[in-house]
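Notes to accompany the following structure.
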Amino acid sequence: MATQHGLVPTLTALGLLLWLRFAFTWIGIYLGLLLKTPESAVAVQVLVWPIGFLSSAFVTPETMPGWLGAIATWNPLSATAMAIRDLFGNPTWETQTWVADHSVLLAAVWPAVLTVIFLPLAYRQYRMLAR
């Protein structure tokens, strides 16, 4: 499917995936520096599951209860999943929402926001450990 739409959408999709991974890495670094024991660091992995399951990567938000659908719609993983579907010519569910119409923009903005928040927090936490 990617070859059908060319190299640029494929590279854009790959870039969006790496950009989201970069942002999530800073969240992980911050939480890893914040926690004091290896056991508590392992417990953070439990936080990974809600991000995936509370997204529209697997199921359309219209089939979810209202509050859960709203969370899934605005989830950073949902934005990236929708953007990649659009870039590969496999549009998202039959939704006509602002989020669905601007998925590539949101897929670029969400990681930027997360990085702007968690990179300085991780840096500050690292500096505090050095004292």
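The values are calculated or read from the model by the stated rules, or taken from the named source; none is laboratory data. Owing to the predicted nature of the structure, the values given are computational and were not obtained by experimental measurement. Quick reminder, even Gly has a Cβ in these numbers, built from the backbone with ideal geometry, and neighbours come from all protein chains shown.
Which one of Glu62, Glu39 is farther than 30 Å from Leu7 by Cα and touching a Gly at 6+ places or on another chain (Cβ under 8 Å)? Step through it out loud before you land on a result.
Values: Glu39 fails: touching a Gly at 6+ places or on another chain (Cβ under 8 Å).
Going through Glu62, Glu39 in turn, the sole match is Glu62.
Out of the stretch 114-131, which residues are without any contact (Cβ under 8 Å) to a residue 40 or more places away in the chain and assigned to a helix (DSSP H, G or I)?
Result: Val116, Ile117, Pro120, Tyr123, Arg124, Arg127, Met128.
Go through the stretch 52-61 and give me each residue that's farther than 13 Å from Met82 by Cα and at pLDDT 85 or above.
First, the residues of the stretch 52-61 that are farther than 13 Å from Met82 by Cα: 52-54.
The answer is Leu54, and nothing else.
None of Phe22, Phe58, Phe53 is under 25 Å from Val116 (Cβ atoms), under 16 Å from the mean Cα position of the chain (by Cα), surrounded by fewer than 18 Cβ atoms within 10 Å (Cβ to Cβ) and aromatic (Phe, Trp, Tyr) except Phe22. Considering Gly52, Gly69, the condition of being free of Cβ contacts under 8 Å to residues at least 12 places away in the same chain, within 19 Å of Trp110 (Cβ to Cβ) and touching a helix residue (DSSP H, G or I) at 6+ places or on another chain (Cβ under 7 Å) is satisfied by Gly69 alone. Set side by side, the residues Ala72, Ala81 differ, and just one is surrounded by 17 or more Cβ atoms within 10 Å (Cβ to Cβ), modelled with pLDDT under 90 and in a helix (DSSP H, G or I), which is Ala72.
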